[in-house]
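The structure appears below as structure tokens.
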Amino acid sequence: MTEPATITVPGRACGGCTLCCDLPDIDELDKPANTLCRHCVRDQGCLAYEARPRTCRSFYCSWMTDPQMAAEWEPAHSHMMVYRQGQQLTVLVDPRRPDVWRGERYLATLKRWAGEAEAMGGYVIVFVGDEVMKIAP
Ligand code: SF4
Ligand code: SF4
């Protein structure tokens, strides 16, 4: 779901990951959250790549753009995608792996991020299907 207009971390690529074509809602496509886009083939990619909407063209998750994010956050392996929306750091969890974010190493990092965000007036929100959780530092 990408186009090389944004600076990405050298050595990182979306590969077969299609989480951002699945987990977020996308108004331009009338796509609800946690529903695979009608143009997407899971683990392969977009069948409408040349005609994909602007939202898709401009989006990269934080793992693709932030070199500070450790390898373990690669969406294809973590089953989570992370991105910034203003003061909010958003974590979308694949509902097929609803508890993955509670794992010790992920939760410790989420709490650290929450502390760092709070110091800057921000916050960290985890979405798992219809569940919404604000992470306490
Ligand atoms: S249009 Fe393509 S890039 Fe955009 S969400 Fe659908 S499959 Fe993904
Ligand atoms: S979630 Fe991140 S790594 Fe996965 S396809 Fe989207 S931008 Fe690429």
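Quick look at the numbers
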read-out	value
1.4 Å probe accessible area per residue over segment 15-137, in Å²	56 Å²
Cα gyration tensor, segment 23-137 - rounded (a/c under 1.5), prolate or oblate	prolate
Accessible-area composition of the chain, carbon plus sulfur, in percent [1.4 Å probe]	51 percent
Ala70-Ala108 pseudo-label distance in nm [points 7 Å out on the Cα-to-Cβ vector]	0.7 nm
Extended-chain gain in nm, criterion 0.36 nm per residue less alpha-carbon gap, Gln44 and Gln85	12.1 nm
Phi-based couplings in Hz for segment 126-137 (Karplus 6.51, -1.76, 1.60; Gly and Pro marked x)	10, 10, 10, x, 8, 7, 10, 10, 8, 7, 8, x
Mean ellipticity per residue at 222 nm, deg cm²/dmol - from DSSP H runs of n ≥ 4 across the chain, formula -39500 (n - 2.57)	-5500 deg cm²/dmol
Beta bridge orientation in segment 67-137: antiparallel %, DSSP, nearest 5	60 percent
Residue-count net charge about Glu118 - beta-carbon cut-off 13 Å; Lys, Arg +1, Asp, Glu -1	+2
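The values are calculated or read from the model by the stated rules, or taken from the named source; none is laboratory data. Model, not experiment: these values are computed from the prediction. Neighbour counts are summed over all protein chains in view; Cβ atoms, including those assigned to glycine, are modelled from backbone coordinates with ideal geometry. Please note that ligands, DNA and RNA were not included when accessible areas were found on the heavy atoms of the full protein model with its side chains. Shrake-Rupley method; radii C 1.70, N 1.55, O 1.52, S 1.80 Å.
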